[in-house]
Structures are given as structure tokens and as C-alpha cells.
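Enquirer: Okay, handing you the structure first.
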């Protein structure tokens, strides 16, 4: 597992999430197909990330990067906002947690 692999996993997950959100809000069956394909990609990238790594590291790195990327997408593209200032602090804590995990830049 390295940073680029974990980011790829997270981006594919976001694509699946957004497509399924659109499908759930009656935007068309094409979004269901995109969402399903996104989650097939998640399975593939998860297998790749687990090779030579631990479930503990992959899961925490995935959760953190997915939360960060999903939050940035929701904030800048969808225009969503938190209701309370403390929630922004929570997002910052996730970013800090990612640094503390020391995700390798290159696979060892």
C-alpha cells in the first residue's frame, strides 16, 4: 500500500458514492450502473492495497482519505456545508490523523 494506491481506492469509492446518490434521487439508471462499477473498482483496489499491508493500516488510511476527498467534493462541488464549527475541527482532526499514520509515498 502506498499513498497513490490509497488515493485511487478513495477516488473510485467517491465516484461510486456520487453516482449512487444521483440514482437514489431519480436521476436515471445510468447512475446505478456507474455506482455498481465504482464499487467493483473498490473491490479491485482494496485487494491491491491489502497486498503486503495490514488491514489495520489500509482501513484507517482508506477511511481518512475517503472522508477527506468526499468532504472536499461535497464542499466545493455540491456546495454542502457543516452546521456547526466544531464539525470543521473534526475534519481537521481526520487530516491530522492521516499525517500520523505516515502512509508511505512508495510501496516498500
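Enquirer: What do you reckon, is residue 4 assigned to a helix (DSSP H, G or I) and either over 27 Å from residue 106 (Cα atoms) or in contact with a strand residue (DSSP E or B) (Cβ under 8 Å, 6 or more places away or on another chain) (or both)?
Expert: On the way: assigned to a helix (DSSP H, G or I): yes; either over 27 Å from residue 106 (Cα atoms) or in contact with a strand residue (DSSP E or B) (Cβ under 8 Å, 6 or more places away or on another chain) (or both): no.
When the stated conditions are applied, residue 4 does not pass them.
Enquirer: Is there a residue being out of contact with any helix residue (DSSP H, G or I) (no Cβ under 8 Å at 6 or more places or on another chain), outside any helix (DSSP H, G or I) and either at pLDDT 95 or above or surrounded by 11 or more Cβ atoms within 10 Å (Cβ to Cβ) (or both) anywhere in region 55-64?
Expert: No, region 55-64 contains no residue that is out of contact with any helix residue (DSSP H, G or I) (no Cβ under 8 Å at 6 or more places or on another chain), outside any helix (DSSP H, G or I) and either at pLDDT 95 or above or surrounded by 11 or more Cβ atoms within 10 Å (Cβ to Cβ) (or both).
Enquirer: Within region 10-18, can one find any residue that is surrounded by fewer than 16 Cβ atoms within 10 Å (Cβ to Cβ) and out of contact with any strand residue (DSSP E or B) (no Cβ under 8 Å at 6 or more places or on another chain)?
Expert: Checked region 10-18: no residue is surrounded by fewer than 16 Cβ atoms within 10 Å (Cβ to Cβ) and out of contact with any strand residue (DSSP E or B) (no Cβ under 8 Å at 6 or more places or on another chain).
Enquirer: Go over the candidates 82, 73, 92 one by one and state the one that is farther than 15 Å from residue 6 by Cα, in contact with a helix residue (DSSP H, G or I) (Cβ under 8 Å, 6 or more places away or on another chain), free of Cβ contacts under 8 Å to residues at least 60 places away in the same chain and part of a helix (DSSP H, G or I).
Expert: Result: 73 is the single residue among 82, 73, 92 that is farther than 15 Å from residue 6 by Cα, in contact with a helix residue (DSSP H, G or I) (Cβ under 8 Å, 6 or more places away or on another chain), free of Cβ contacts under 8 Å to residues at least 60 places away in the same chain and part of a helix (DSSP H, G or I).
Enquirer: When you check residue 43 against the structure, is it surrounded by 17 or more Cβ atoms within 10 Å (Cβ to Cβ) and in a helix (DSSP H, G or I), yes or no?
Expert: In short, no.
Enquirer: Also, I was wondering about something else. Taking region 95-108, which residues are assigned to a helix (DSSP H, G or I) and either free of Cβ contacts under 8 Å to residues at least 12 places away in the same chain or within 18 Å of residue 11 (Cα to Cα) (or both)?
Expert: Answer for region 95-108, where residues must be assigned to a helix (DSSP H, G or I) and either free of Cβ contacts under 8 Å to residues at least 12 places away in the same chain or within 18 Å of residue 11 (Cα to Cα) (or both): 95, 96, 98, 99, 100.
The values are calculated or read from the model by the stated rules, or taken from the named source; none is laboratory data. Keep in mind the model is a prediction, meaning the values are calculated, not measured. Note that we place each Cβ from the backbone using ideal geometry, even for glycine, and neighbour counts take in every protein chain shown.
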